[in-house]
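The values are calculated or read from the model by the stated rules, or taken from the named source; none is laboratory data. Given the structure is predicted, the values throughout are model-derived calculations rather than measurements. Here the Cβ positions follow ideal geometry from the backbone for every residue, glycine too, while neighbour counts run over all protein chains shown.
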């Protein structure tokens, strides 16, 4: 497999451990990370020994989501930047979520925006007790991407998922558990060990059966994953042309309250 800079991959006895590896930056989603994520999961499709995946992150936080500091200097080029980033990251999400093996994700600290969607699309989400999960898109004048409309709806139902995104809610781990956004909550100190043990349990299990179960539930969803990801990407690119989107990013970076004008 390739060894990208923003993601580290370890293989052990049929289990791929995929680590988001930029803890000093909060493991952001940006152009490099999107390309790396896409390449990693394309490579995993070609790994003959693969039987399960553990997705986790280095550092205190799982991921703060999209890197607004990268967006800020390019406010006049937001739409092309969105189209470029989503082309890689959304393809990576398709490759990841459709892998015919179980994916366990361990979430600590903050998981925001696109990172929350990436997490929600995995098969089993395990969170630490102090974890916070949020959808901040609307707070900065953006629509959602990263499969949010599919992944959140699949876990929370349409009405609850829509409220989560439109209100830009942040849920603690227990509330996230109650809504179905996460599957298990464990003590922070035990998170990585318990997630690894569960992923290894899957790696030791009936791989073909797991793959067919995943395929059937993907088909059972109301929206086709591929088309919905593209609809999200194009919607976000349109919104990125707005004055409100530029104001939302500028306000976040400048640490002030945004003034939205509805255009």
**Item:** Criterion: touching a helix residue (DSSP H, G or I) at 6+ places or on another chain (Cβ under 6 Å) and at negative phi - qualifying residue of 145, 188
**Value:** 145
**Message:** Can you tell me which residue is nearest to the chain's Cα centre (by Cα) among those in segment 109-132 that are farther than 15 Å from residue 56 by Cβ and assigned to a strand (DSSP E or B)?
**Reply:** 112
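Confirm whether residue 180 is in contact with a helix residue (DSSP H, G or I) (Cβ under 6 Å, 6 or more places away or on another chain) and surrounded by fewer than 18 Cβ atoms within 10 Å (Cβ to Cβ). Walk me through it before giving the result.
On the way: in contact with a helix residue (DSSP H, G or I) (Cβ under 6 Å, 6 or more places away or on another chain): yes; surrounded by fewer than 18 Cβ atoms within 10 Å (Cβ to Cβ): yes.
Judged against the criteria, residue 180 is a match.
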**Message:** For segment 15-55, which positions are more than 17 Å from the chain's Cα centre (by Cα), in a helix (DSSP H, G or I) and farther than 25 Å from residue 248 by Cα?
**Reply:** 43, 44, 45
**Item:** Segments classed as helices (runs of 4 or more DSSP H), wholly inside segment 153-228, with at least 1 members that are in contact (Cβ under 8 Å) with a residue 60 or more places away in the chain and touching a strand residue (DSSP E or B) at 6+ places or on another chain (Cβ under 9 Å)
**Value:** 191-203, 207-220
**Request:** Have a look at 214, 246 and point out the one that is modelled with pLDDT of 85 or more, buried (at least 18 other Cβ atoms within 10 Å of the Cβ) and either at negative phi or touching a helix residue (DSSP H, G or I) at 6+ places or on another chain (Cβ under 7 Å) (or both).
**Result:** 214
**Prompt:** Restricting attention to segment 56-71, does a residue exist that is at negative phi, in a strand (DSSP E or B), at pLDDT 95 or above and out of contact with any helix residue (DSSP H, G or I) (no Cβ under 8 Å at 6 or more places or on another chain)?
**Reply:** no
**Fill in**
Of the residues in segment 80-108 that are under 27 Å from residue 142 (Cα atoms) and in a loop (DSSP other than H, G, I, E, B), the one that is modelled with the highest pLDDT is 108
